[in-house]
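Beneath this line is the structure, given in structure tokens, with notes to follow.
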Amino acid sequence: MAVYILKRLGLALLVALTVSFISFSLLFMAGDPAVAIAGENATAVDIARINERYGFDRPMIVQYGDWLGSAVTGDLGNSWYFDMSVTELIGDRLKVTMKLGIFAISLALLVAIPLGVAAAANPNSLIDRFALFLSVVGQAIPSFWFGLILIVVFSINLGLLPASGNATWRHFVLPTVVLGYYATPAIMRLTRAGMMEVLSSDYIRTARAKGLGTRKVMFKHALRNAIIPVVSLAAVQMGFMLGGSIVVETVFALHGAGYLAWESISRNDLPTMQALILIFSTFYILFTFLADVLNAWLDPRLRVG
Amino acid sequence: MKLKTLMMGSALGLAIAAPAFADKSDDTLRLAFLKELESVDNYFNSAREGILISRAVWDGLLYRDPDTGEFKGNLATEWTWIDDVTIELKLREGVTFHNGEPFNADDVVYTVNYVTNPDNGIKVSANVNWMKSAEKVDDYTVRINLVAPFPPAEEYLAGPVVMYPNEYYEEVGPTGMATAPIGTGPYKVDLVEPGQLYELSKFEDYHDSPKGEADIGKIEVKTIPDMNTQVAELFNGGLDFLWNVPADQAEKLAEMEDRFEVVNAQAIRIGYITIDAAGASDPDGPMTDKKVRQAIYHAIDRQAIVDALVKGSSEVVNAGCAPIQFGCDQSVKTYDYDPEKAKALLAEAGYPDGFEIDFYAYRDRPYAEALMGFLNEVGITTNFNYLKYAALREKREKKEVPISFQTWGSYSLADVSAITGEFFTGGPLDDAMDPEVIEWVKEAGSVTDRAKREELYSKAHAKIAEEAYWVPLWTYNVNYVLSNELAFTPTDDEIVRFADFSWK
């Protein structure tokens, strides 16, 4: 197991490094960063001054080397837009996004797994059709529209929950539902499919033949195997939610790291963007790594690979 | 985008029956910004949102009356041009900053010397780099020394150049000013949560300024990046005022007269088409031919686009400047919408079957598409390139853009030097490179005689129109939506002055 974990860690680091380099190069191709810093009304003098100040005339690879060297020592530089430490800037935003991501994935798992199990146990039943309907709708409706509908109903018409901001836990209810719902269909369908496959396998038939109760067969024998791909998917979804909660954060004015990432791209705020990519990819890789370890624990056969 | 608007409409349609909660009982005006400010510190901000906060929190030495364009004393009571490069100002006595620090000549000297020092890295250097230094004559008299004659100095002293408390700024610097701003303005800042919330309250000891005393006790500014959510918050009572509302949403809200009032005003921003007349992108290209440029002008029905898309109080402009700007002479040659004439001009220029060209834009895609539609109709086949502003500007500076749809907000300065002076003085964004125009515009930017400046700008605009170097399009407009308990009259410079709000 230790060798397996070390191998996975090495691979994870390599992926993180590659991702940071590719994103660094791509971001530099998105137009003159000096113009983006100076703003739309900037004069040519402003732009020349900024080019000189930030050293944009140096080769890209030199700039990447500098950045990586500082990043390793924990210095992610200063945001060009906000002119403040990137670490400081990202800190609070990341807390918001983490909170939202954890709430949303928890909600998605709490809804999707039981529903997937119930649907698999009762194919073509009312519950199965309901689960299917929920998943199709979840995949079909855009998050921003669903978010607005929830705002209209729960915030405007019923006056129960706030529409924007992140001051209290109540502010997180609607965004959690929207983001959680977005992750639910995939997890639910995978759980259902996995359970159906496992339930039709020989060892389950044997367990049933031995006279084990349905609950024990379902949760002790079947779910443990069916859940393996779900764990990987949930890890991917969690990583995606951290980086991809842009729409939800925008609609609910949550001021999280996802929204900051999008804003940083549009402003060409490279230090912030690079730091966010590094952090997001590290999280993504960390979740995938943890999922691998969890799966290896659930299914010892996986440790061989 | 259309789908989004449609779905948004259907979502908000559900809300019409909801009751309104916004009221004036807590004397707090709530509004939202779409965009996060990079800094509240006036000198480290380039966003229009920051200008709004700046005008509420700080004062300039002068004040430009937005209705008449007349300059009045604000922190200075009198000002005199000693010579072309020196202004002497008598300062108002008895003014205090929000922290109790008295305002005097030391503050002006410190502010000017701080912002003009290139080491301090002021964000928009053009706002300050025309000043060389300031010196104290006595406690309430200062002299500002200019780098060179700079006729629009008053405009800048009434706009982006605001006065800081020397002792406080010396102690806290830009970071401290950004988190706990201190000014002499009608509102003081109680809370800054960067990117999220700004709370302001009326400054009870505000001096006798032409800006006028604040009427509303508290202002709360949130950052809500989605306009739909802002509209939802308006319904909810969470906001009392929306700014920059898109025309389609404003039209819907205007139908709910019992709850909201929609007011519209022109903005200082204008739209225009740049044409590479100097042939920098292609020396033998069609854009170098005056007849082709005039054909482009004749091909576009600018009024139709204003009526159908831009809407509001926008108007077609013939010279490339906002009508409220000093030196903006709109009485230049005009080209009516005449596609047949356009085709004839193209044929005369040797393009009877038209030609194909790369057309660039960076914002307002529907407008750009409408413009291309008109060009396509006369035979100019456009390949559309929609880029981010930074990328497009880089391309323009590299001289790779034959024709593009652009806009310019002149940093809210009501003087044509902020637009004509930027694009027709031979710089990297000058597509005409006309030596005569360059000379006139440069001269107009350095003589202090207002009549002479007007004359020079008029000559320049006349030639720009005659040669069709640009196709000036329209002024932009801004929709403001107010709760029906709020009174506010917008001005044509797109600056929302918080002190101008009152409850009905």
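The values are calculated or read from the model by the stated rules, or taken from the named source; none is laboratory data. Treat the numbers as computed from the prediction; the structure is a model and nothing was measured. Quick reminder, even Gly has a Cβ in these numbers, built from the backbone with ideal geometry, and neighbours come from all protein chains shown. Heavy atoms of the whole protein, side chains included, go into the accessibility calculation; ligands, DNA and RNA do not. Shrake-Rupley method; radii C 1.70, N 1.55, O 1.52, S 1.80 Å.
Tell me the mean residue ellipticity at 222 nm calculated for chain A from its helices only (DSSP H runs of n ≥ 4, each -39500 (n - 2.57), averaged over every residue, nearest 500).
Taken over chain A, the calculation gives -24500 deg cm²/dmol.
With a point put 7 Å past each Cα toward its Cβ, work out how far B:ALA344 is from A:LEU298 in nm, to one decimal.
7.8
Using only Cα atoms and rounding to the nearest 10 degrees, what angle (0 to 90) does helix A:270-298 make with the longest principal axis of chain A?
That helix lies at roughly 20 degrees to the long axis.
Restricting things to alpha carbons, find the Rg to Rh ratio for segment B:94-223 using the Kirkwood radius for Rh.
Ratio of gyration radius to Kirkwood radius: 0.97.
Excluding same-chain residues fewer than 8 positions from B:LYS136, which lysines have a Cα within less than 28 Å of its Cα?
Once the sequence-local lysines are set aside, what remains near B:LYS136 is B:LYS72, B:LYS90, B:LYS123, B:LYS188, B:LYS211.
So for chain B, Kirkwood radius off the Cα pairs, Stokes-Einstein at 25 °C and 0.890 mPa s: how many µm² s⁻¹?
Result for D is 101 µm²/s.
Interface B/A, total buried accessible area with a 1.4 Å probe, nearest 100 Å²?
4000
Determine the alpha carbon to alpha carbon distance for each of B:LYS291/B:LYS442; B:LYS442/B:LYS463; B:LYS218/B:LYS504 and list only those over 18 Å.
In this structure, B:LYS291/B:LYS442 exceed 18 Å between Cα atoms.
Could you tell me the largest-minus-smallest coordinate of the C-alpha atoms of segment B:413-486 on each of the three principal axes, in descending order and whole angstroms?
Principal-axis extents of the Cα atoms in segment B:413-486, largest first: 54, 28, 22 Å.
Between A:THR73 and B:GLU88, how high is the FRET efficiency from 1/(1 + (r/R0)^6) when r is the Cβ-Cβ distance and R₀ = 45 Å? Nearest 0.05.
Taking R0 as 45 Å, the efficiency between A:THR73 and B:GLU88 is 0.30.
Would you work out what percent of the accessible area of segment A:216-305, with all protein chains in place, is carbon or sulfur (probe 1.4 Å)?
74
How would segment B:308-349 be classified by its alpha-carbon gyration tensor: rounded, prolate or oblate, with rounded meaning a/c under 1.5 and the a/b versus b/c comparison settling the rest?
It is oblate, given that a/c is not under 1.5 and a/b is not larger than b/c.
Would you please give the residues with an amide H less than 5 Å from that of B:TRP503, counting only those at least 5 places away or on a separate chain, with H modeled from the backbone geometry?
B:ALA487
What are the semi-axes of the equivalent ellipsoid of chain A, taken as the square roots of 5 times the eigenvalues of the Cα gyration tensor, listed largest first and rounded to whole Å?
Over the Cα atoms of chain A, the ellipsoid semi-axes are 43, 26, 13 Å.
I want to check the label-to-label distance for B:ASP358 and A:LEU286. Put each point 7 Å from Cα in the C-beta direction and report it in nm to one decimal.
The modelled label-to-label distance comes out at 4.3 nm.
Keeping all protein chains in position, work out how much accessible area B:LYS333 exposes to a 1.4 Å probe, and write it in Å² to the nearest 10.
Rounded to the nearest 10, the figure is 90 Å².
Quick check: Cα centre of segment B:460-474 to Cα centre of segment B:380-449, how many Å?
Going from one Cα centre to the other spans 12 Å.
Cα axis of helix A:60-72 to longest principal axis of chain A: angle in degrees, 0 to 90, nearest 10?
Approximately 60 degrees, to the nearest ten.
Which number do you get for Rg(Cα) / (2.2 N^0.38 Å) in segment B:114-175?
1.16
Quick one: if the Förster radius is 41 Å, what FRET efficiency do B:ASN145 and A:SER266 give, using the C-beta to C-beta distance and rounding to 0.05?
Efficiency for this residue pair is about 0.55.
Take every DSSP beta bridge with both residues inside the protein assembly as shown and express the antiparallel ones as a percent of the total, to the nearest 5.
Close to 75 percent.
For segment A:101-200, which whole percent of the accessible surface, found with a 1.4 angstrom probe, sits on carbon and sulfur atoms?
72
Just to confirm my numbers, what's the Cα centroid distance between segment B:478-503 and segment A:185-249 in Å?
What the calculation gives is 57 Å, centre to centre.
How many percent of DSSP beta bridges within chain B run antiparallel, rounded to 5?
That works out to approximately 75 percent antiparallel.
Sort A:HIS171, A:HIS255, A:HIS221 by accessible area with a 1.4 Å probe, largest first.
Highest to lowest solvent-accessible surface, that is A:HIS221, A:HIS171, A:HIS255.
For segment B:208-238, state which residues have at least 50 Å² less accessible area in the presence of all protein chains than in their chain by itself, taking the probe as 1.4 Å and leaving out ligands, DNA and RNA.
Residues losing area: B:PRO225, B:THR229, B:ASN236.
If you stretched the chain out fully between B:SER502 and B:THR68, how much longer would it get, using 0.36 nm times the residue separation minus the C-alpha to C-alpha distance?
Length gained between B:SER502 and B:THR68: 154.1 nm.
Give the residue list of chymotrypsin sites (Phe, Trp or Tyr not before Pro) in segment A:132-240 that are DSSP loop and have at most 15 other beta-carbon atoms within 10 angstrom.
A:TRP169
Just to be sure I understand: if I project the alpha-carbon convex hull of segment A:138-294 onto a plane and average over all orientations, what area do I get in nm²?
12.1
With every protein chain present, what is the per residue accessible area of segment B:302-371 (1.4 Å probe, Å²)?
45
Under a point spin-label approximation (7 Å from Cα along Cα-to-Cβ), what is the B:ASP449-A:PHE219 distance to one decimal in nm?
9.5
Keeping the other protein chains in place, figure out the carbon and sulfur percent of the accessible area of chain B, with a 1.4 Å probe.
Carbon and sulfur atoms account for 48 percent of the accessible area of chain B.
Can you list the GluC sites (Glu not before Pro) in segment B:253-288 that are in a DSSP coil and have 13 or fewer other beta carbons within 10 angstrom?
B:GLU255, B:GLU257
Can you report the principal axis dimensions of the protein assembly as shown using only the alpha carbons, biggest first, rounded to whole angstrom?
105, 73, 60
For segment B:377-464, which GluC sites (Glu not before Pro) pass both filters: DSSP loop (anything but H, G, I, E, B) and at most 16 other C-beta atoms within 10 Å?
Answer by residue number: B:GLU400.
Between the chain alone and the structure with every protein chain in place, find the residues of segment B:21-57 that drop at least 30 Å² of accessible area; heavy atoms, 1.4 Å probe.
Output list: B:GLU36, B:GLU38.
Go through segment B:314-323 residue by residue and turn each phi into a ³J(HN,Hα) via Karplus (6.51, -1.76, 1.60, θ = phi - 60°); whole Hz please, and just put x for glycine and proline.
Once θ is set to phi - 60°, the couplings for segment B:314-323 become 5, 9, 5, 10, 9, 9, x, 6, 7, x Hz.
Sort segment A:208-305 into rounded, prolate or oblate with this rule: let a ≥ b ≥ c be the square roots of the eigenvalues of the Cα gyration tensor; rounded if a/c is under 1.5, and if a/c is not under 1.5, prolate when a/b is larger than b/c, oblate otherwise.
The shape class here is oblate.
What whole-number volume per residue, in cubic angstrom, does the convex hull of the C-alpha atoms of segment B:268-394 give?
So the per-residue hull volume is 122 Å³.
For a quick check of understanding: with a 1.4 angstrom probe and all protein chains in place, what accessible area in square angstrom does B:CYS328 have, to the nearest ten?
Its heavy atoms expose roughly 20 Å² to the probe.
With each run of n ≥ 4 DSSP H residues scored as -39500 (n - 2.57), what mean residue ellipticity at 222 nm is computed for chain B after dividing by its residue count and rounding to the nearest 500 deg cm²/dmol?
Roughly -8500 deg cm²/dmol at 222 nm, from the helical runs in chain B.
Between helix B:2-13 and chain B, what is the angle of the helix's C-alpha long axis to the longest principal axis, kept within 0 to 90° and rounded to the nearest 10?
Once rounded, one gets 40 degrees.
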